[in-house]
Amino acid sequence: MKIIEIRASIEQCNEAGWLAFDFFTAEPLTEADILAMKPIGNFLYLSMLKAPFFKIDGDYFHIKGIKGNDYFRIAVHKEYIYHIEKLKSKLR
């Protein structure tokens, strides 16, 4: 999976002390891409759905996305914004 762009998300979560970012990928997310993220945190992947969904929770961050999309979202507590760089390095 190659991340080509990261944008601040339009999702409104700032009021709760969270910041969200959309990570855009060069190709649509595959099942292999999703499963490769499993070691990052508490992993949930609902592969049986029509649009297979995944979610990863960790200390002060959440990742969620759908197989076949060319992006996924990471939300991080604003006091732990440095997690974004750590997560970027784990996703390459």
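Three principal axis extents describe the C-alpha atoms of the chain; from largest down they are 34, 24, 24 Å.
Legend: residue pairs LYS38/LYS86; LYS2/LYS50; LYS2/LYS67; LYS55/LYS90, Cα-Cα distance threshold 22 Å; pairs beyond threshold, LYS2/LYS50.
Computed from label points 7 Å out along Cα-Cβ, the spacing between LYS64 and TYR82 is 2.8 nm. In loop segments of the chain as defined by DSSP, the chymotrypsin sites (Phe, Trp or Tyr not before Pro) with at most 12 further C-beta atoms inside 10 Å of their C-beta are TYR82. Between LEU35 and LYS55, the contour length at 0.36 nm per residue exceeds the Cα-Cα span by 6.1 nm. Every helix of 4 or more DSSP H residues in the chain counts as -39500 (n - 2.57), and over all residues that averages to -4000 deg cm²/dmol at 222 nm. Extending 7 Å from Cα along the Cβ direction at ALA8 and again at SER89 yields two label points whose distance is 2.5 nm.
Readers should treat all values here as calculations from the given coordinates under stated rules, not as data from a laboratory. Bear in mind that the values here come from a model prediction, so they are computed numbers and not experimental data. Heads up, the Cβs are rebuilt from the backbone with ideal geometry, glycines too, and the neighbour counts pull from every protein chain shown.
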